[in-house]
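Accompanying notes for the structure given below.
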Amino acid sequence: MKLWNALFRRRRGQGNSQQRKAAKQDGRSGKAASRESEDGLSEDIDENLRTIVTELGGSDDLTIRKIDVSGADSIVVAFIYIDNLVDSAMVNQMLLHPLMSEIDDTPSGESSEEWYRRVRDRALAVGRVHEMRTAREALACILEGHTIVFLQGSAVALAADTSGGDRRAVEEPGTQTVIRGPKEGFTESIKTNLSLIRRRIKSPRLRVERKTLGRLTQTQIALVYLHGIAKASIVEEVRRRIDRIDTDSILESAYIEEFVQDAPFTPFPTIENTERPDAAAAGILEGQIAIIVDGTPFALLAPVTFVRFFQSSEDYYQRFGIASFLRLIRYVAFFVSMLLPAMYIAITTFHQEMLPTPLLISLAAQREGVPFPAIVEALLMEITFEVLREAGVRMPKVIGPAISIVGALVLGQSAVQAGLISAAIVIVVSFTAIASFVIPAINMSIAARLIRFAMMILGGTLGLFGIMSGLMVLLIHLASLRSFGVPYLAPLAPFVWTNWKDAFVRMPHWAMKKRPPTIADGSNLVRQSGGQKPKPPGRKSKF
Amino acid sequence: MRTGKRFVALLLAIACFGTTGCWDRTELNELAITSATAIDWDDGKWIVSYQVVIPSAISKAMSVTGGGASKLPIIVYSTEGKTIREAVGRSTLESPRHLFFSHTRVVVVSDVAARHGLSPLLDVYFRNPDSRETVSVLIAKGNARKILEQLMQIQIIPGDGIEETLRKESEEFSALPNVRIYDLALSIVSPSKSAILPEILISGKDEVSSADALSKTSLSSKLRLGRLAVLSGDRMAGWMSREEALGVAFIRDRIKTTTLPFSCEKNKPKIDSAFRLSQSSTRLTPKKGGDGFVMNIEVKGEGQLVETDCTKDLNEPSVARQLEGQLEWEITDMIEKAWQAARKMNIDVVGFADAIHRKYPKDWKRMKKDWPASLAKIQIEPSVHVTIKRMGLTNQSFKTLTEKD
Amino acid sequence: MPLNPEKIGSVQAAVLISMAIAPTAVIVIPTVSIGASGQDAWLSVLAAWPLGIGFALLYGSLSRMNPGVSFFSWLDSRLGRVVSVTVGLLLAQYYLSVASVTIRELVNFLSNELLQKTPVVVLSAVPILIAVYAASGGIEVIARVSVLVCTGMIVFLALGIGLEFNQMQPRFLFPVGDAPLPRLIKGGLPSVGWLSEASLLFILAPYLSKPRRSTAIAIAGVSLATFLLLTVVLVVLLQFGPELPGIMAYPMFGAAEIIKYGSFVERVDLVFICVWVATVYVKLCIFVFGTVHCFTQSLRIKAVKPFLWTTSLLIFLHSLYSWSDEATFLHYQKSVSTAFLITCNVIVPALVWLGLKIKRRPAASAGESP
């Protein structure tokens, strides 16, 4: 935080976002007109309209609809909104149309206050309507997609919530797909996302707290949690940390993640993210707090422990036997993706006695005539693979698959045949890469990828002792990590027996009676009654 | 900024790792994988021979140098020195690669070297981390290096082949034990102060050490396991024949499975049946009596009849008892012969010292100093009990059919 | 913070105590014990157990008197500044010494078995750096890591026993009672010395979440360590008999070396070595933490980090240069080490305990003179 401020010479923000919105300085550009926006609106409608247009720099997408019914009582009404931020149909049918009817019904000789009240209470057929008195509030509302109604002779404007416009429909999530389970994914609209969660948790105890972050982006975020189930101290901590954020832009939930996490320099994620509403709902039901950010389909979940990154939503929808088995495979895959190249290097250069003799002879035969030592070979292949993987991600969909096949097979095969590398290293590197895709959470597999390189260097210089030391450092690091105060290695390190039912295996649903006590509120842990193991009816004894 | 300084320090530390190089690293293509070693003793010098594997001749994987199917899988060379490890050290004068002993399967010791004493060898194996104590030890009469030069069929690497042969033999025939370095060490320091080692020899003429000699269906000479070498302390003292070795194995409870020939009729010299002993256990119980001790050797075994040319009615229980009696007689005879041979050599190959030490510790303390003399005074009381559990798929001998009309 | 970051649970504390004893004990004691007592070495270890429990009772009662502040501030308030500083420095020196012995032991082992050509400086630097990192995280981090490593150690010990099972020969244990009593005592003395290291409890006292259970924790820790030690001694005896281990430097790994099943499972001792190295790391972390804790707490130093680095440097240099060669080191292990351990772990706390009993709650802090 200090670094950030020092670099950008900004004062640390104080108070909450509402105050900040009210006391907003519009950047350091210091427009002269900003002085005026401090003041209230005037009664003259034209002056108000001019203020708004000047503040927005005369943007073309600003739409003004002025209705001037001249006559004895000069009724001038102006609607002002930004095109495509509003739902045009709503503006036309719910605002313009009723207002036109109201104008017809208005008796003559009404004062401005009566007219104002008439418009406010009878003409605007929308759910949310605010009153505003300063140009600044009006601007903020316009930028949110509200329609501002100015009335001649009134220094108070009305803002009707008509936000809409083109948004992505609810589709299958791009990442974290499942075979069995709901296929809805979060979208970029915070309203849709909140509704997706509300549909799953229909409890009055579900709390939604809205905040706005980012000076220029004014991004809406929402904290969602279950009151009484999420630990109050953790909720308070989350709130506190988010309120402390003072920045220009929040474009994605990752920005918030980096501001708010416990340990900025660790490769391991301490906040979970998900694109699936059912995963978010499951987390909230266990006591986590979800942070939904407008503009991105990835919601954050905090606090989180190490084992949660190896759980996938699908584990809970398939049978518990296969779910447990796959979970164990994921842990194995994690260690493989982190350690396999390092182990290969260590064993083939330091501890050849560990290999069975036929394998040793095979490997030795392959190495005849290969120019590079094992560690250089491994590093080379790993970096090549990372390059291939990045290329695959950026490739347009039409030629994507072809390149990956070309890259992996042809490159690897040719290199072996040309005698540049030995065949075994190709196998090792490919298997490592495949293993890293098994981990459900991409941020955890990224951690393994980075650590892999450190392990390779350690293994290449000190053999298995070096790898052991590296693992020890890793273990100490993980043991000292916390996620919002919850120890990262929770079911393992502070040994919590109840959590073990969901950590490495998945016990059947009827067996998991309590919520994890490290995350959820300790006084409210029971989530289902006991004795629900299914049995066939009747039949006391078979004999 | 504090984080900056820490980061730089970390970078420097990591750089140190890289600049100093990796000290203990050896690439796979810098190793000479030794599958067998041979130790000879020639007039004050140790001659150590190595059978080194050539990986590219064996492996089916693609190799750059081109696979030569006619290439031999091993090469053998020797070095000499006043001590064993000095000889090994001298190998760097002629080998382009670092000798790698961790995959050695067998060490063949010539009987001359064994008569000189095996404790330097044991010390080398225990003290050095790269020599493993699971290596099997064999004795060769005469020149041990010749054993290494001999090629084998079926098993490409002769060193592995010798070890596999020995292992199978100790499991299937049990006459010669598979003695590893640590077994040898345990034997030598045990109260019996003796050890036994199998012999390996080349039977036939003309050694097979070239590719041409190998490309025949029947080799002119083969590696074969022979007799049993007996050591007193760490020096070799004599030989025992294979039958005596089997008897020793019975007494020492080292039989896993073995095939025993016997005759189904008492006092008939013609051996016409074979019995496969699948389980055997021996218990040694010393008792005080006679001049010194009397050792009760109780052998219990069971197995299966695998061959018989006997015309007796095998279905009768009494006939089964008769056959068992014959077997018991055979085994007792073997035990007696073994014991006589041990007595003649005056070495406790049969492990009586241990049994006495456990049962009569105080007497043992007295007898410890003059054990060979006390050994000679021991009498044995063998009692063997064999059960023929199964007769196989036929219930009468085939001969009964041919002898009928 | 939802969880109090400083407290450690009872199980963690017991594991910490046994991890402070076991790693170096299992490597040193089999050779010494079997060399002295022959096949009754396991009896001598078993005989050391009640003594260990006696120590545990002493430590437990001492730490239960502690109302929850660090050992030294409490001593300060009860027996005066001079006593607390003296005891503090003495204990700091003790922890420092044991830490450097541990590193030296580890480095000797690695140089002999695994990495012969790597310079000793590098081999010593790596564990020290890791211990510094762990100690800077506090005792709680070390406690968590030690529970995981201890579980791993027990699992691999069980696995090792399973693999070595058919090479074990029970006849090596008989006849029981062969060794004369003096040799039995000689074989048991090192075990007693190592078990007294449970005095770690004093350092742990203020961090315990349930201080009432201090005695139980100490007894559990000592018993676990004895059990591990006994298992290793038995395994070595059953594999190698009573004569051989006396000349072997690391019989525990020798036993692992001879595991052989077919041609696939062989030469697996490296896996067991790795697990053991992890436990030694844990012990090192505990003792580096102990050194820094004693030093800073008794002298009431607030800024801990610089002292962490300097004491670690001291430990590093001490382990490299105090014993010029392996022979001197082995001699130290055999002769001086036991006396040193018992003095620092038993005699000093016993004196403190006596002093406290005599002082008996100075009502108006009148008799504060040491």
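Given the condition touching a residue at least 12 places away in the same chain (Cβ under 8 Å), within 15 Å of C:Leu299 (Cβ to Cβ) and outside any helix (DSSP H, G or I), answer yes or no: does some residue in the range C:58-73 qualify?
Within the range C:58-73, one or more residues are touching a residue at least 12 places away in the same chain (Cβ under 8 Å), within 15 Å of C:Leu299 (Cβ to Cβ) and outside any helix (DSSP H, G or I).
Do we find a residue being buried (at least 18 other Cβ atoms within 10 Å of the Cβ), more than 13 Å from chain C (Cβ to nearest Cβ), touching a residue at least 60 places away in the same chain (Cβ under 8 Å) and in contact with a Leu (Cβ under 7 Å, 6 or more places away or on another chain) anywhere in the range B:187-194?
Scanning the range B:187-194 turns up at least one residue that is buried (at least 18 other Cβ atoms within 10 Å of the Cβ), more than 13 Å from chain C (Cβ to nearest Cβ), touching a residue at least 60 places away in the same chain (Cβ under 8 Å) and in contact with a Leu (Cβ under 7 Å, 6 or more places away or on another chain).
Can you list the strands (runs of 3 or more DSSP E) found entirely within the range A:253-335 that contain at least 3 residues being among the aliphatic types (A, V, I, L, M)?
Passing ranges, in order: A:289-293, A:299-302.
Checking the structure you have, find out if any residue of the range A:445-461 is crowded, with 19+ Cβ neighbours inside 10 Å, in a helix (DSSP H, G or I) and touching a Cys at 6+ places or on another chain (Cβ under 8 Å).
yes
So that you can scan it fast, the table gives a plain yes or no per residue for (1) closer than 27 Å to A:Met456 by Cα; (2) of a type in the set (Gly, Ala, Ser):
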residue	(1), (2)
A:Phe268	yes, no
A:Ile271	no, no
A:Gly287	no, yes
A:Ala299	no, yes
A:Gly321	no, yes
A:Ala333	yes, yes
A:Glu353	yes, no
A:Pro371	yes, no
A:Val376	yes, no
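Could you go through the range A:282-296 and let me know if any residue there is farther than 27 Å from A:Pro204 by Cβ and at pLDDT below 95.
Among the residues of the range A:282-296, at least one is farther than 27 Å from A:Pro204 by Cβ and at pLDDT below 95, which makes the answer yes.
Output the helices (runs of 4 or more DSSP H) that fall wholly within the range A:337-408 and possess 2 or more residues being away from chain B (no Cβ under 14 Å) and without any contact (Cβ under 8 Å) to a residue 40 or more places away in the chain, or say none.
Because the criterion is at least 2 residues that are away from chain B (no Cβ under 14 Å) and without any contact (Cβ under 8 Å) to a residue 40 or more places away in the chain, the helices (runs of 4 or more DSSP H) in the range A:337-408 that meet it are A:374-394, A:400-405.
Under 7 Å by Cβ, and 6 or more places apart or on different chains, what pairs join a residue from the range C:139-162 that is closer than 25 Å to A:Tyr488 by Cα with one that is charged (D, E, K, R)?
Taking only residues 6 or more apart or on different chains, the pairs are C:Glu140/C:Glu6.
Please go through the range C:315-328 and pick out each residue that is out of contact with any Lys or Arg (no Cβ under 6 Å at 6 or more places or on another chain) and surrounded by 15 or more Cβ atoms within 10 Å (Cβ to Cβ).
Within the range C:315-328, C:Ile315, C:Phe316, C:His318, C:Leu320, C:Trp323 meet the criteria.
So if I check each of A:Val208, A:Val235, A:Val178, which one is of a type in the set (A, V, I, L, M, F, W, C), under 20 Å from the mean Cα position of the chain (by Cα) and modelled with pLDDT under 90?
It is A:Val178.
Please go through (1) surrounded by 21 or more Cβ atoms within 10 Å (Cβ to Cβ); (2) under 30 Å from B:Leu314 (Cβ atoms) for B:Leu228 and return the number of the only condition it doesn't satisfy.
With (1) surrounded by 21 or more Cβ atoms within 10 Å (Cβ to Cβ); (2) under 30 Å from B:Leu314 (Cβ atoms) applied to B:Leu228, the lone miss is (2).
Considering only residues of the range A:215-240 that are over 19 Å from A:Ala302 (Cβ atoms) and not aliphatic (A, V, I, L, M), which is farthest from the other protein chains (Cβ to nearest Cβ)?
Within the range A:215-240, the match that is farthest from the other protein chains (Cβ to nearest Cβ) is A:Gln218.
Given (1) at pLDDT below 70; (2) more than 25 Å from B:Gln150 (Cβ to Cβ); (3) facing chain A (nearest Cβ under 9 Å), identify the lone condition not met by B:Lys60.
B:Lys60 satisfies every listed condition except (2).
Residues B:Ser374, B:Ser383: which one is surrounded by fewer than 16 Cβ atoms within 10 Å (Cβ to Cβ) and closer than 30 Å to B:Pro191 by Cβ?
Sole residue among the options that is surrounded by fewer than 16 Cβ atoms within 10 Å (Cβ to Cβ) and closer than 30 Å to B:Pro191 by Cβ: B:Ser383.
Among the residues in the range B:330-340, are any among the hydroxyl-bearing types (Ser, Thr, Tyr), free of Cβ contacts under 8 Å to residues at least 60 places away in the same chain and over 30 Å from B:Lys193 (Cα atoms)?
Scanning the range B:330-340, I find no residue that is among the hydroxyl-bearing types (Ser, Thr, Tyr), free of Cβ contacts under 8 Å to residues at least 60 places away in the same chain and over 30 Å from B:Lys193 (Cα atoms), so the answer is no.
Of these, B:Val109, B:Val135, B:Val53, which one is modelled with pLDDT of 90 or more, more than 10 Å from every other protein chain (Cβ to nearest Cβ) and touching a Ser or Thr at 6+ places or on another chain (Cβ under 6 Å)?
None of the others qualify; the one that does is B:Val135.
Of the residues in the range B:242-256, how many are touching a residue at least 40 places away in the same chain (Cβ under 8 Å) and surrounded by fewer than 17 Cβ atoms within 10 Å (Cβ to Cβ)?
3
If a residue has to be buried (at least 24 other Cβ atoms within 10 Å of the Cβ) and either more than 7 Å from chain C (Cβ to nearest Cβ) or at pLDDT 90 or above (or both) to count, how many in the range A:481-503 make the cut?
Selection size over the range A:481-503: 4.
Taking A:Gly185 as the residue in question, decide whether it is at pLDDT below 90, among the small types (Gly, Ala, Ser), under 19 Å from A:Ala279 (Cα atoms) and not assigned by TED's automatic domain parsing to the domain that holds A:Val86.
In short, no.
Here is a list of conditions, (1) within 29 Å of C:Val236 (Cα to Cα); (2) under 11 Å from the mean Cα position of the chain (by Cα); (3) within 14 Å of chain C (Cβ to nearest Cβ); (4) of a type in the set (Ser, Thr, Tyr), and B:Tyr182 meets all of them except one; can you say which number that is?
(2)
When the range A:510-543 is examined, which residues are found to be part of a loop (DSSP other than H, G, I, E, B) and small (Gly, Ala, Ser)?
A:Gly522, A:Ser523, A:Ser529, A:Gly530, A:Gly531, A:Gly538, A:Ser541
The values are calculated or read from the model by the stated rules, or taken from the named source; none is laboratory data. Bear in mind the structure is a predicted one, so any value in this text is a computation, not a measurement. Every residue, glycine among them, receives a Cβ derived from its backbone with ideal geometry; neighbour counts consider all protein chains shown.
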